[in-house]
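Trainee: Pasting a structure below so you can have a look.
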Amino acid sequence: MRGGVVVIAVGALFTGTALAQHRDGVVRWDIQRRQPPPETYTRLRKRASTFEETITNEEARGGYFATCRLGTPGQDLTLQLDTGSSDIWVPDSAAKVCSKSGTEGCVLGAFNPDRSSTFEVVGQGDFDINYVDGSSSKGDYFTDVFEIGGASLQNMTMGLGINTDIAYGLVGVGYALNEAIVGTTQSTSSVYPNLPVNMVNEKLINTVAYSLWLNDLDSSSGNILFGGIDTQKYKGDLTRIDILPTTQGLYTSFAVAMTSLIAVSPSGQDTLTSKAFPMPVVLDSGTTLSYLPTDLALQVWKEVGALYSPEFELAVLPCDMQNSKGYFSFGFAGPNGPHINVSMDELVLDLTSGQAPVFNTGPYRGMDACEFGIQNFSSAPYLLGDTFLRSAYVVYDLVNNQVGLAATDFNSTESNIVPFPSLSAHIPSATSAPDQSQATVRPSVTTPAYAASAGFTDSANVNGSENTAAGLPSALGTAQLSVVGLSMIFAMLGSGIFLL
């Protein structure tokens, strides 16, 4: 089954020519953090060989951003990195949203096709994505020069947001079957070589794989390394675990099997339970928070004394909890699989970019209120977003359909880059988690009804709605958040093992 999937999702997109190394076969893209103005905060965070690039941690916008260059001559745009989608798309400079003044406009840049001599429309009106919060981007598919991390791709297919109310673009690096065009046309024949695949086609890297190092919440930058790993960016063992296919046997999202969760503090530890175990969770850099099933989320909230706020439509807790010595240990692929520890200083986030709100009633009266990095979700697969990913070094191998996981080495200044040697090579320096098939009852990812009848799965766009995985609602849609009675939550306060 997997061999056939590689041909569909990856193999059919290659040029068929020999793959040569370029710059030692890696591309690094740096990512950095920005802090947007308060008025943009709430609306924006509710959306949804090696080359290395720095990416900025723009916490309040709900993701990590980096500067890219498009067209001839080049135009600089700052775009969001997203492992949960698969298209590069940019706002058109003529879009109405870009005419707005101040921070509501396209302050991160917009693309002017009239200024590029290499711009060519290849799918007029075919680009169409709608998000659960009502925002959308529609326009054309086009090809042009795209530069990232020092690498230049001459004929990159991208979406141009002509009618969009989203003021910044994205760089989606997921499976090609996750492209929006697949949902629009309901045909796998529409799949095009997206960024990771095209980097192989143009001999910049040796395989469709990359590693992600977001660094800690207080750090201003991290990076994504295409085509290789950096052994100085993680601690301990790097362990390979299988990516879960859809019920149709296709690979459309980075869903893996989460099999345990333990709360640990100086006063002891609690093993948390859920009827959803073992559960499919999607590793998604485009989602700020992490979302677990309600029965598990309630136990997590109890451990830290979090309560649900109808005003903010999410769980909140005192900001002082960031100083707690407790942490949560996430286990994957059975008892012998990797465990990633996430400390409280990575899970307590500002609710606004200005003055923190204050609890005006209850046991936390007078204390500053912060957002908790673990929220509840009503259906599988669940999401592990940036509040989890900052604590993990993650390698995404789209050819072998595996993910490598290790504990991140926060603020590492050393580097030892190891490229993937070939297209089918496994993750360098990684060992496979033992007994994965025996250790868990393999969870599956739901296939949308129309995709099943058509013989394929689309997780990028189901009836025009962006999804992180097949059958999964948009990551930050509030419609999926279960409102928990405040009396129930208040009764839990003080019973957890995490102390102020």
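The values are calculated or read from the model by the stated rules, or taken from the named source; none is laboratory data. Predicted model only: the values in this text are computed from it and were never measured. Note that we place each Cβ from the backbone using ideal geometry, even for glycine, and neighbour counts take in every protein chain shown. In case anyone asks, the SASA skips ligands and DNA or RNA and just uses the protein heavy atoms, side chains included. Shrake-Rupley method; radii C 1.70, N 1.55, O 1.52, S 1.80 Å.
Trainee: Name the strands (runs of 3 or more DSSP E) wholly inside the stretch 318-395 in which the number of residues that are closer than 21 Å to LEU261 by Cβ and open to solvent by 10 Å² or more (accessible area, probe 1.4 Å) is 2 or more. Talk me through it step by step, then tell me what you get.
Mentor: Values: elements: 327-332, 339-343, 348-350, 369-372, 374-377, 382-384.
Once the strands (runs of 3 or more DSSP E) in the stretch 318-395 are filtered for at least 2 residues that are closer than 21 Å to LEU261 by Cβ and open to solvent by 10 Å² or more (accessible area, probe 1.4 Å), what remains is 327-332, 339-343.
Trainee: So, one more: Looking at this structure, is ILE229 farther than 28 Å from PHE111 by Cα, assigned to a strand (DSSP E or B) and among the aliphatic types (A, V, I, L, M)? Don't jump to the end; show me each part of the working.
Mentor: Details: farther than 28 Å from PHE111 by Cα: yes; assigned to a strand (DSSP E or B): yes; among the aliphatic types (A, V, I, L, M): yes.
Criteria met by ILE229.
Trainee: Additional query: Condition check: in contact with a helix residue (DSSP H, G or I) (Cβ under 6 Å, 6 or more places away or on another chain), over 30 Å from VAL281 (Cα atoms) and assigned to a strand (DSSP E or B). Does LEU160 satisfy that?
Mentor: So LEU160 fails the test.
Trainee: Does LYS275 satisfy being at pLDDT 95 or above and either open to solvent by 20 Å² or more (accessible area, probe 1.4 Å) or within 23 Å of the chain's Cα centre (by Cα) (or both)?
Mentor: Criteria not met by LYS275.
Trainee: Out of the stretch 228-249, which residues are touching a strand residue (DSSP E or B) at 6+ places or on another chain (Cβ under 9 Å), open to solvent by less than 30 Å² (accessible area, probe 1.4 Å) and over 20 Å from ALA407 (Cα atoms)?
Mentor: Once the filter is applied, which keeps residues that are touching a strand residue (DSSP E or B) at 6+ places or on another chain (Cβ under 9 Å), open to solvent by less than 30 Å² (accessible area, probe 1.4 Å) and over 20 Å from ALA407 (Cα atoms), the stretch 228-249 yields LEU244, PRO245, THR246.
Trainee: Among residues belonging to the stretch 396-413 that are of a type in the set (Val, Ile, Thr) and either open to solvent by less than 10 Å² (accessible area, probe 1.4 Å) or modelled with pLDDT of 95 or more (or both), point out the one that is nearest to MET279 (Cα to Cα).
Mentor: So, considering only residues that are of a type in the set (Val, Ile, Thr) and either open to solvent by less than 10 Å² (accessible area, probe 1.4 Å) or modelled with pLDDT of 95 or more (or both), the one nearest to MET279 (Cα to Cα) is VAL403.
Trainee: Please specify each residue of the stretch 294-317 satisfying the condition of being part of a strand (DSSP E or B) and either of a type in the set (Asp, Glu) or open to solvent by less than 10 Å² (accessible area, probe 1.4 Å) (or both).
Mentor: Of everything in the stretch 294-317, those that are part of a strand (DSSP E or B) and either of a type in the set (Asp, Glu) or open to solvent by less than 10 Å² (accessible area, probe 1.4 Å) (or both) turn out to be TYR308, ALA315, VAL316, LEU317.
Trainee: Can you go through TYR168, TYR234, TYR210 and tell me which one is among the aromatic types (Phe, Trp, Tyr), under 20 Å from the mean Cα position of the chain (by Cα) and closer than 16 Å to TRP89 by Cβ?
Mentor: Answer to the check: TYR168.
Trainee: Mind telling me which of the residues THR67, THR103 ends up being under 21 Å from ASN198 (Cβ atoms), open to solvent by 10 Å² or more (accessible area, probe 1.4 Å) and either modelled with pLDDT of 90 or more or of a type in the set (S, T, N, Q) (or both)?
Mentor: On the way: THR103 fails: under 21 Å from ASN198 (Cβ atoms).
None of the other options fit; the residue is THR67.
Trainee: Considering only residues of the stretch 123-150 that are at pLDDT 95 or above and among the β-branched types (Val, Ile, Thr), which is nearest to ASP165 (Cα to Cα)?
Mentor: This residue is THR143.
Trainee: So, in the stretch 183-203, how many residues would count as being touching a strand residue (DSSP E or B) at 6+ places or on another chain (Cβ under 7 Å), in a helix (DSSP H, G or I) and under 19 Å from GLU147 (Cβ atoms)?
Mentor: 4
Trainee: Moving to a separate point now. Among the listed residues ARG33, ARG28, identify the single one that is open to solvent by 10 Å² or more (accessible area, probe 1.4 Å), within 20 Å of GLY227 (Cβ to Cβ) and modelled with pLDDT of 50 or more.
Mentor: ARG28
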